[in-house]
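What follows is a set of notes on a single structure, which appears directly below.
The values are calculated or read from the model by the stated rules, or taken from the named source; none is laboratory data. It should be emphasised that the depicted structure is a prediction, and the values quoted were computed from it without experimental measurement. Here the Cβ positions follow ideal geometry from the backbone for every residue, glycine too, while neighbour counts run over all protein chains shown. What goes into the accessible areas is simple: the full protein's heavy atoms, side chains included, and nothing from ligands, DNA or RNA. Shrake-Rupley method; radii C 1.70, N 1.55, O 1.52, S 1.80 Å.
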Amino acid sequence: MSHTRYHSSIVWLRRDLRLSDNPALYHACQQSQQVIIVYIHADDDDSPWAMGSASRWWLHHSLTALQQQISQLGGRLILRSGPAHTTLDSLIAESGAEAVFWNRRYEAAHREQDRLVQTQLAQQGVPVHDYQSGLLFAPGTVLNKEGLPFRVFTPFWQACQKLGLSQTLLPAPAQLHTSTINSLSLADLKLLPSISWGQGLQAEWQAGEAQAHRLLQAFCEQALNDYPQARDEPGINGTSRLSPHLAFGEITPRQIINALLEHFICQTKDGGACDHYLRELGWREFAHHCLYHFPQMTSAPLNRRFAAFPWRHNPALLRAWQQGKTGFPIIDAGMRQLWHTGWMHNRVRMIVASFLTKNALIDWRLGAEWFWDTLVDADLASNSFNWQWVAGCGLDAAPYFRIFNPVTQSEKLDAHGRYLRRWLPELSTLPAKWLHQPWKTPETIQEECSIRIGIDYPTPILDLGSTRQQALLLHKQLPKLH
DNA sequence: CGCGCTTTATG
DNA sequence: ATAAAGCGC
């Protein structure tokens, strides 16, 4: 059945920086004697959500890994910059490629981009083959009985499970051919930050498909069983940390699911732990499908009652939050972890987001922008969806009265203060009793531990009790819609 | 993926 | 008397 239709084809890579389970690459190889694999960098094509600094850092290293993988198979990754449609156009002219293969992206800007490229190629008579690959199901295909998008997660996820989560995976090509087409060097793309901030990221991460599968394997063997409990403790390595690999398509949800199920069957591990982790992939899926149906999700509250919400203009408070100088250890630890590693523990993300939107009453969009710039796993759908979830203005969102108390959460989830001491070394000598609320530390203990609260570590920037009451009041006063 | 108050269980 | 469980916002 595999018949060669084309002498040469272009595979246009975007958020699918992998060789295995890559339908565009797989089918291009099946149908062509020669494939030209290209990555095109163009900030304008992502507008208004051009990649943030941390994502650009990751991209640089992911492309490095991919270049290496491709050349090991005898091929070559072509790098270009400029708008996709014109760049593909000149690539076709230079190479004589007869077809273009890609995996679809579903964000509004990229659907628009796909349409543009598709029309242009159609005019030249160049066939396009596009595929779904980064999600479990193509957005728009999981609908309720009325044929409408789900607005609540649980029925959505049940529908997904009914459709079947496990599918066969596509193998990586066995060999590739080199190409004489001109390519930019990776340095030309200027993806790395000018400040030395990349150092912290370098120590924490290794981008690329191979590492994604190593992490997956390690997670299945070491952490999966304890996942339901361990995932909530930021002081231990209880999560898979696959998020940036998923965000760049170095690994697919299907590959993860198959590995988990295989492990579950072979090792008779706790099926509950498996389901619990799969649910998280479900939330990612739900976020992507929601963004497809409600493209305004990135910029406007999905619950229209929040349209005129009186968010506070408070640049000083926003800055303190960004820099991890609020005086609340769990908030500051999380924000510093984010800055230093480009990642924050999931549970801590909820706590810092609740603090910003409920206690500080700062617009969730400002929080989302900061995450967008600083997260190596920044994903437009998940980021927008989850910020709206915490702010209470999204689909299936947290009820307005669910306001995280950073002290209670900290005591519950980081009882021994492992996480806090790791990210707030200035507090590391404080006994656990005071660590979660250092401003209450008696003078004598402060002296014993040689810490001066207010000097070595800030006093709280706001009062938790009164700001909570204020938020509850404002949310109760939201206008009723008719 | 709360909080705080009330009710109920337990020794 | 205190802790766990229940419940409305």
(message) Given all pairs of different Cα atoms, what value in angstroms does the Kirkwood hydrodynamic radius of segment A:241-336 take?
(response) 17.3
(request) Show A:416, A:61, A:475 ordered by accessible area, largest first, where the area counts protein heavy atoms only and the probe is 1.4 Å. (result) A:416, A:61, A:475
(request) Report, by chain and number, residues whose modeled amide H sits under 5 Å from the one on residue A:81, excluding near sequence neighbours (fewer than 5 apart, same chain). (result) A:41
(request) Assuming 1.002 mPa s and 20 °C, estimate D for chain A with Stokes-Einstein, Rh taken as the Kirkwood radius over Cα pairs, in µm²/s. (result) 89
(message) Students sometimes get this wrong: rank A:180, A:467 by accessible area, probe 1.4 Å, all chains present, largest first.
(response) A:180, A:467
(message) Run the helix sum for chain A: -39,500 (n - 2.57) per DSSP H stretch of 4+ residues, divided by residue count, reported at 222 nm to the nearest 500 deg cm²/dmol.
(response) -14000 deg cm²/dmol
(message) Show log10 I(q)/I(0) for segment A:6-132 at q = 0.22 Å⁻¹, two decimals, from a solvent-free Debye sum over equal Cα scatterers.
(response) -1.53
(request) Please sort A:4-10, A:428-434 by packing, taking for each peptide the average over its residues of neighbouring beta carbons within 10 angstrom, highest first. (result) A:4-10, A:428-434
(message) If every alpha-carbon in segment A:9-70 counts as one equal scatterer, what log10 I(q)/I(0) does Debye give at q = 0.16, 0.17, 0.29 1/Å?
(response) -0.59, -0.65, -1.28
(request) Determine which aspartates and glutamates satisfy two conditions relative to residue A:433: a Cα distance under 17 Å, and not lying fewer than 8 residues away in the same chain. (result) A:411, A:414, A:443, A:447, A:448
(message) If I ignore ligands, DNA and RNA and count only protein heavy atoms, how much of residue A:293 is accessible to a 1.4 Å probe, in Å² to the nearest 10?
(response) 60
(message) Can you give me the solvent accessible area of residue A:372 with a 1.4 Å probe, rounded to the nearest 10 Å²?
(response) 30
(request) For segment A:101-180, build the convex hull from the C-alpha positions and give me its volume per residue in Å³. (result) 154
(message) Greater than 26 Å separation of Cα atoms is the criterion. Which listed pairs, A:162/A:412; A:358/A:412; A:325/A:480, meet it?
(response) A:162/A:412; A:325/A:480
(request) List the residues whose amide H sits under 5 Å from the amide H of residue A:376, counting only those 5 or more places along or on another chain, with H placed 1.01 Å from N in the peptide plane. (result) A:343
(request) Express the relative contact order of chain A as a whole percentage, based on alpha carbon pairs under 8 Å and six or more residues apart in sequence. (result) 17
(message) With just the Cα atoms defining each centre, how far is segment A:401-428 from segment A:1-35? Give it in Å.
(response) 48
(request) Could you quote the convex hull projected area for segment A:304-476, Cα atoms only and averaged over all directions, in nm²? (result) 9.7
(message) Given Cβ point charges of +1 (Lys, Arg) and -1 (Asp, Glu) and nothing else, what value in debye, to the nearest 20, does the dipole of chain A about its Cα centre take?
(response) 1040
(request) Run through the DSSP bridge list for chain A and note the antiparallel percent, rounded to the nearest 5. (result) 5
(message) At a threshold of 8 angstrom on Cα-Cα distance, excluding pairs fewer than six apart, so keeping six or more, what relative contact order does segment A:304-476 reach in percent?
(response) 25
(request) Would you mind checking which residues have amide H under 5 Å from residue A:99's amide H? H placed 1.01 Å from N; only 5 or more apart, or other chain. (result) A:10
(request) Over segment A:304-476, average the accessible area per residue using a 1.4 Å probe and give it in Å², no decimals. (result) 42
(message) If R₀ is 30 angstrom, what is the calculated FRET efficiency for the pair residue A:469 and residue A:307, using the beta carbon separation as r and rounding to 0.05?
(response) 0.80
(request) Give the carbon-plus-sulfur fraction of the accessible surface of chain A in %, rounded to a whole number; probe 1.4 Å, heavy atoms of protein chains only. (result) 51
(request) Sort A:235-243, A:388-396 for me by packing, meaning the mean count of neighbouring Cβ atoms within 10 Å per residue, highest on top. (result) A:388-396, A:235-243
(request) Find which of A:227, A:173, A:404 sits farthest along the positive direction of the dipole of chain A, computed with +1 on the beta-carbon of Lys and Arg, -1 on that of Asp and Glu, about the Cα centre. (result) A:404
(request) Rank these residues by their accessible area, most exposed first, probe 1.4 Å: A:102, A:49. (result) A:49, A:102
